[in-house]
């Protein structure tokens, strides 16, 4: 019997460490999937891409990298939501998880999940809704697992490995909120 193939949406290198390890320990055959058109500015996107590449080379991990910056896709999807005064995160999660689910279906993965579930700063119930919606839309299984217990250790490991660790989720509004608080 072959192992279950899992596609792991990957937001950044530090958050890739624990979910990848946890899924492998459960017997999954894991492939990361980097698709994050929300990241702004472009130099931040490049830093995260570079850190993910460094990690997968150092740790011999499998990953698919969507190379397109994609900020236009993000803005087309999320800006109308913000303009209406609605919360932006659900639409951002939907955008990324729908693409992940589509890729999973097209390339024969059994399940998909996301490294967003490792961060204590992300909203688990909203991620779950976006994941389940994407699974229904693309007829593939969404695996929801709270990975947050591994967040601190993974980020500590990333720093020890010299990987870039960011200070915000990546979107322009998150960056603005971060500096507004200061």
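The values are calculated or read from the model by the stated rules, or taken from the named source; none is laboratory data. All values reported here derive from a predicted model rather than from experimental measurement. As a convention, Cβ positions derive from the backbone with ideal geometry for all residues, glycine included, and neighbour counts pool all protein chains shown.
Data table
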item: Candidates 143, 163, 116 - the one that is under 13 Å from the mean Cα position of the chain (by Cα), closer than 21 Å to residue 16 by Cα and modelled with pLDDT of 95 or more; result: 116
item: Residues of the range 167-182 satisfying the condition of being part of a loop (DSSP other than H, G, I, E, B) and surrounded by fewer than 18 Cβ atoms within 10 Å (Cβ to Cβ); result: 167, 168, 182
item: Given (1) within 23 Å of residue 52 (Cβ to Cβ); (2) over 17 Å from the mean Cα position of the chain (by Cα); (3) at pLDDT 95 or above, number of the condition residue 178 does not satisfy; result: (3)
item: Residue list for the range 131-160, filter: closer than 27 Å to residue 42 by Cα and touching a helix residue (DSSP H, G or I) at 6+ places or on another chain (Cβ under 7 Å); result: 131, 134, 151, 154, 155, 157, 158
item: Scan of the range 34-69 for residues that are out of contact with any strand residue (DSSP E or B) (no Cβ under 9 Å at 6 or more places or on another chain), under 16 Å from residue 115 (Cβ atoms) and exposed (fewer than 15 other Cβ atoms within 10 Å of the Cβ), ordered by number; result: 59
item: So residue 24, is it closer than 21 Å to residue 147 by Cα, surrounded by fewer than 19 Cβ atoms within 10 Å (Cβ to Cβ) and free of Cβ contacts under 8 Å to residues at least 60 places away in the same chain; result: yes
item: Boolean, residue 90 is over 11 Å from the mean Cα position of the chain (by Cα) and closer than 25 Å to residue 150 by Cα; result: yes
item: Filtered residues of the range 78-88 (kept if free of Cβ contacts under 8 Å to residues at least 60 places away in the same chain and closer than 23 Å to residue 119 by Cα); result: 86, 87
item: The range 108-162, residues that are closer than 25 Å to residue 58 by Cα and not in a helix (DSSP H, G or I); result: 109, 112, 113, 114, 119, 147, 161, 162
item: Selection status of residue 97, assigned to a helix (DSSP H, G or I) and either on the phi > 0 side of the Ramachandran plot or in contact (Cβ under 8 Å) with a residue 60 or more places away in the chain (or both); result: yes
item: Condition met for residue 65 (in contact (Cβ under 8 Å) with a residue 24 or more places away in the chain, under 15 Å from the mean Cα position of the chain (by Cα) and within 21 Å of residue 164 (Cα to Cα)); result: yes
